Structures are given as C-alpha cells and as structure tokens.
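Below is one structure, written out as structure tokens; comments come after it.
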Amino acid sequence: MVPELISGPVVLKNATIFDGVEIKRHWSIMSDAGVVSYLGPDECLRNVTAPVIDCGGMFVSPSFGDSHLHLLGHAARSLGTDLASLEFSSVAQVVKELRDVEIDQEHAEWIRLYGYDDTKLSGSKFLNRWDLDQVFPHRPVIIHFDSGHQTLINSRGLEKLGITESTDEPDGVTFDRDTASGRLTGVILEGNGYIEKYMPKLNEKLLQRSLRDSFDYFVSQGITGVTDATENNDVDRLNFISSGLEEAGHPIDVEFMPGFNMLDELRSAQIPYGTVHNGLLIGPVKIMLSSSSGDLRPDMTELFKIVNECHISEFPVAIHAVTEQEIDLALRVFSKSHMPGDRIEHASETRDDQIERIASLGLWISTQPGFIYNRGDGYISQSQGSDLNNLYRVRSLIEKGIRVGGSSDTPVIMPDPLNSIYSCITRKTQSKQFINQSESLSIIQSLRILTTGNSDISAGSAESSRLQTGQFLDIVILSEDVSVSSEDTLLKTEVIATVKNGEVEYVSDGDLLRPSY
C-alpha cells in the first residue's frame, strides 16, 4: 500500500475486521478518495476494477486513540537521558548504575534524567539528593520518576532553583523531608508546574523536532487521536503543539485540555469547549487533585469553587483522581456541580459504591489498563497486604454503562495499544502474575475502549469513530488476527499500516500490502 493508492479507489479484501461493534471475517473494505464506499463480505464485492490488496486474514480496526497523555512530556523525555532500562534493587546499585550512564548532555545547563522507577527498590531506603550528589556534585540534575508525579533534584539543582530548607511549599506541592533530620531530601511531589517556572527552557527547535518525532511514533503504534491532559496547559503550550502539528501535516488529531488558569483567556477570546482552535480540539478543564502531602489539595471548598466556575463558563472538567480517597472527594463535588462531559482521569482504585455513583452521575473515565502489565509487579511488591482487587476495574465500569476510554499517561509508559489490549484480556504483569482476573475483558471490549470508547469520551464525541460507509478511512492494520491470537502472539503483533482521513500515515512493510490489478 502506498499513499497515492488511497486517493483513488482501492479494495482491502480477505481481512478480519472490527468495525467498532463486531468482528467479521473474510470481509472487504473499498474506499474511494479516502472515503469508505463498501464494507461487507468478500463475496459481495465482485468484478471490481480498482486495485485490490489481499490482507490474507490480517486484522483491520478503527485506528487507536489515547485519551490521556502529555505531549510535551513525551517529547522532552527523548531530549534527556532515559533510565527506564536500569536494573537495581538498592540505592547503592542505583548510584553505581548512574555512574555508568552515558550522559549526552555536556553542553546543557541542567542534566535531565527520565523514567526512574523507584518500585524496583527493595527495603525502606529511597534515593535522595545526597546519593545523587555523589555522582553529580557540581552540575544541577533533575530526575523525573516514571510515575510522572515525583522528581528528585540534587543539592546543586535545589540551589539553582532557590529552594532552601525554609522555602514555603506551593499549594498542592510537597517537599519531602528526611524523617530523622527534617532536611529536604530533594524529592518533590506534584511539583512539575512549579519547577517548570524556574527551570531553563528546553531548546525550542529541539523540542519541536522531538514533538514531531512523537507524532511519528504514535502513528507507528496505530494511534491517530490523543488528548493532552496536562494540568498547566496554557496558550503558549497550545500554540507550540499547534505549530508542531501544522509543520508535520496533522498526522494525528489532538484534543487539548486547558489548565484552570487558562479559563479566563478562553472566555475572553470566546473559545468554547468542543470547538477547534488553531487545529486543536478544546477539551474539558484539567484539575489536579492530589493527596501527596497526606491532605487532599485542593480541599472540598476550593475544588467545588473551581469546578463550579468552569461549569458556569460551560466547560466540563477532568479531575485527576487516582486513590479511593481522591475519587470520594471528586464524587462529592460532582454531586453538587455536574455537567455532561465531566471526566475522572485515572480512577485507578475504585470501590463498588464509587462505581455506582460514577454511573449515576454519568461521568466519563479515562484509565490506564496497560499499567497492569507495565507496572503491575511494582504494585504487587509494594502492596503490603492492601487489596489489589480494586485496581483498574475496567470491566466493572463498562458493565455499569460508564463511558470508558483507554490511555497511556505517557511519558509514564510508552503508548502501546496492543500492550493495553493484552493487559485488559489477561490481567497479567510482566512476570506473569495476575491482578484481579475477574476484571478481564473480551477482545471486543478491549478494542472498544481503545477505539470507539476513546472517541465517546472526547469533546468531539458526536463524531463516530466506527468503521462504516460514508466515513473517511481511519484504520490500523495489524499483522495478526488478535481475535484468535495466543497471549504470546498478541504481545508480538505489529502495526502494518495506519491510515487517517484516507491517507497512509505509516506503513511498516509495503510488500505485505502490495496491490494486484
């Protein structure tokens, strides 16, 4: 398959097709000028003069979405040094590994490290700034944890940021302290927005190039629609992403969640929810709810004030709520002020009564089932007897009629829809341990949350993402029929091609899709 074929009539035959509702075998798709003109059994499409591509039973689905990620975080990560592959079980091993890490940032003002997974540590000792000072005594260093909610800064870095033992914590941000001495450990929780204000900006040209590389990566995974859910999103970020999309030729669609501080600008510019501005769909206002300090911030009064102000301005909200305690507070506020389009981001730990309440309020959920595979072993090792049965209860949410979308929260984990499908079906971690198998999904349910489910919780949810006649051809072609694949085969399945609006945005091997005439 090559792009010019999609511009005219072309037939994909002998495919296993998921149309967004059901799976059909030995079906064909015909598109003309990028629009689906036929979708049905192979035998009903005969005497066609258009080029024909025999899919040989390969799997065709509506292209995937990712309803919660952080575009500039994903782009910035590739400009730093990735620590995800480090293997360790103690702080001493981390320090040793850091000494051997190749740092290709000799001209950078700060050394930026990404993807540190502290769940690999055994015991009660955690990495702190003094450990980091052993390796980097003179240059400012920041480590971004793979959770996305913690950073570690060495002593030189704290000095550069002006953070001292007497610096007041900004609202919602926690400066971790050593329990014995009371001194700052260098770990900062929920401080990304605060730190960003004082850190030197990344080179814009490099970041823009990395952003375009991110778009290429997404389409290589079959993803053509994403939602940027960054709580400090503002006009500058919107314009930066818009510029990157324009330069790249809009290979993906982006929904942009404004931060609460951006609400006044949107109102004054008369840019409402659900409209497209500078090529980006304007989504709900993102609100960060955190319990990192032990107390919920913002509290009930402040959270209600923020949510209600957004609703008065006819903007739904998307509240970050991970723990049961955070979800309880979000639900109390939603019970007092609610409008269609309100979302809970993550909903990682949910009880039965919370799921009932979410359903009764008509809230939408974006969650991360792929964490079961990618982070599940860490959850198990750190559970300390806590109940993991409430973790990522996607099946229970769906069975209550709740709109659920699947996402990666990248850069926490890399976007990988097939990995997420594996997690949904098997509920297995990387080491093949199970987490609450009763929440496992069928292949159709798993595909839905990553395709039609994500479009259902979008600000543009009126637009169907189903594969049907009269619609632009928006599909992903997979190397294996995932509806009958073994678990091991599912993890090895590859994206052969990604088509958006009738144009090929990615193809891995054109020979596999060579047309006949």
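Some values worked out for this structure:
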{"item": "Cα coordinate range in region 404-463, projected on the principal axes (Å, largest first)", "result": "39, 26, 16"}
{"item": "Cα→Cβ-extended label distance, 7 Å offset, between K24 and E356, nm", "result": "4.1"}
{"item": "Gain upon complete extension [D117, A33; 0.36 nm per residue less C-alpha separation]", "result": "25.5 nm"}
{"item": "Estimated distance in nm for a label pair at N239 and T301, the labels positioned 7 Å out from Cα along Cα-to-Cβ", "result": "3.8"}
{"item": "Per residue accessible area in Å² of the chain, where ligands, DNA and RNA are left out and the probe is 1.4 Å", "result": "42"}
{"item": "Apportionment of accessible area to carbon and sulfur, the chain, percent (1.4 Å)", "result": "46"}
{"item": "Answer label, with volume of the Cα convex hull per residue in Å³ calculated from the coordinates and candidates [x] 211; [y] 189; [z] 151", "result": "[z]"}
{"item": "Cut-off under 5 Å, modelled amide H: who pairs with L289 long-range", "result": "H320"}
{"item": "Chain lengthening between Q437 and I312 when straightened (0.36 nm per residue, less Cα-Cα)", "result": "40.8 nm"}
{"item": "Against the rule of thumb 2.2 N^0.38 Å, how large the Cα Rg of region 115-218 comes out", "result": "1.18"}
{"item": "Residues of region 180-208 with amide N under 18 Å of a point placed 7 Å along Cα→Cβ from V91", "result": "180-189"}
{"item": "H74, H338, H26, ranked by accessible area, largest first (probe 1.4 Å)", "result": "H26, H338, H74"}
{"item": "Three-way shape label, region 353-458, alpha-carbon gyration tensor, a/c 1.5", "result": "oblate"}
{"item": "Relative contact order [Cα under 8 Å, 6+ residues apart], region 18-59, whole percent", "result": "32"}
{"item": "Over the chain, relative contact order from alpha-carbon pairs under 8 Å, at least 6 apart, %", "result": "19"}
{"item": "Percent RCO, i.e. relative contact order, over region 351-489, from Cα pairs under 8 Å lying at least 6 residues apart", "result": "26"}
{"item": "Where labels lie 7 Å past Cα in the beta-carbon direction, separation of N47 and D488 in nm", "result": "4.9"}
{"item": "Potential extension, A269-N501 segment - 0.36 nm per residue separation minus Cα distance", "result": "80.5 nm"}
{"item": "Integer Hz, Karplus 6.51/-1.76/1.60 couplings in order for region 397-403, x for Gly and Pro", "result": "5, 5, 5, 8, x, 7, 6"}
{"item": "Surface/4 estimate of mean projected area, convex hull on alpha-carbon atoms of region 90-151, nm²", "result": "4.3"}
{"item": "Rounded to whole Hz, the Karplus (6.51, -1.76, 1.60) HN-Hα couplings of region 480-492, x for glycine and proline", "result": "10, 7, 5, 6, 10, 6, 6, 4, 5, 5, 4, 5, 9"}
{"item": "Sparsely packed chymotrypsin sites (Phe, Trp or Tyr not before Pro) within region 390-464, loop by DSSP, other Cβ within 10 Å at most 12", "result": "none"}
{"item": "DSSP-defined antiparallel bridges as percent of all bridges, the chain, nearest 5", "result": "50"}
{"item": "Three-way shape label, region 195-273, alpha-carbon gyration tensor, a/c 1.5", "result": "oblate"}
{"item": "Dipole axis of the chain (+1 Lys, Arg; -1 Asp, Glu on Cβ), positive-most option in I53, L263, T489", "result": "T489"}
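The values are calculated or read from the model by the stated rules, or taken from the named source; none is laboratory data. The structure presented is a predicted model; accordingly, all values stated were derived computationally and were not measured. For neighbour counting, all protein chains shown are included, and Cβ atoms are generated from backbone atoms with ideal geometry for every residue, glycine included. What goes into the accessible areas is simple: the full protein's heavy atoms, side chains included, and nothing from ligands, DNA or RNA. Shrake-Rupley method; radii C 1.70, N 1.55, O 1.52, S 1.80 Å.
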